[in-house]
Structure formats: C-alpha cells, structure tokens
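First the structure, in the form of structure tokens, and then the observations on it.
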Amino acid sequence: MDVKTYNLPPDFARKAIEDIERYGIVAVDVENRVSLLDDMLKSDEEKLKYAREKVKEGNVDKAVLVVRDGIGTLVINVENVVEIRVELGEYEKLLREAGVVE
C-alpha cells in the first residue's frame, strides 16, 4: 500500500473547499477539539457546511492531500483546532489545479 502526501497552498485549500463537489466527494469528516457540535453532525452535507464555515472564520494552518488506494483525502487544519477530512474520488483534478502535478 503506497501512500503519497502532497502539501497544498493554504489559499488554494480555502478556495477548493468552496467548490469541493467538483472533485467527487466520497466522505466528509470534521473534528473540532473545542466543540461538541461536530459530533452532532450526521450527514456529509451538514459536515461540509460546518467545514466551510470554519474555513471562512479562521486561518488555514496546513493543507495536504494524502493519496492511498486510489482515494485522495484532503486534510485541512484550521487554527490547530479544527481538522477537516474530505475523501475525493477525483483527487488528480485537484492536484493539477493546485499546480502540484501536471
């Protein structure tokens, strides 16, 4: 099982999360270390809406795309408090648009 990690510019990740559906969402997960609200979110739609709010409100500290077994997982850390994980079926498109690969 080969795992590759690609660092993404935080500004790109901020823009990408707004239109993330273009990359074929498989699953969404959000963890907020200082709030229980993320535990109450049931659907991917609710989680994605919450994730977008957190990205708008705070600074993106780090953004990476982890690729394993044909699935790309976009991981965005916001102010070292919120971690957003979005599994993407079309992660190659995201990597091209970020300028990470050709």
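Just so you know, all these numbers are worked out from the coordinates, no wet-lab data involved. For clarity, every value in this text was computed on a predicted model and none was experimentally measured. As a convention, Cβ positions derive from the backbone with ideal geometry for all residues, glycine included, and neighbour counts pool all protein chains shown.
Figures for the structure shown
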quantity	calculated
Residues located in the stretch 1-51, provided they are surrounded by fewer than 14 Cβ atoms within 10 Å (Cβ to Cβ), touching an Asp or Glu at 6+ places or on another chain (Cβ under 7 Å) and touching a residue at least 60 places away in the same chain (Cβ under 8 Å)	Met1, Ala27
Wholly within the stretch 29-102, helices (runs of 4 or more DSSP H) carrying at least 1 residues that are of a type in the set (Lys, Arg)	44-57, 91-98
Criterion (crowded, with 18+ Cβ neighbours inside 10 Å, within 18 Å of Pro9 (Cα to Cα) and of a type in the set (Lys, Arg)) met by exactly one of Lys93, Lys54	Lys54
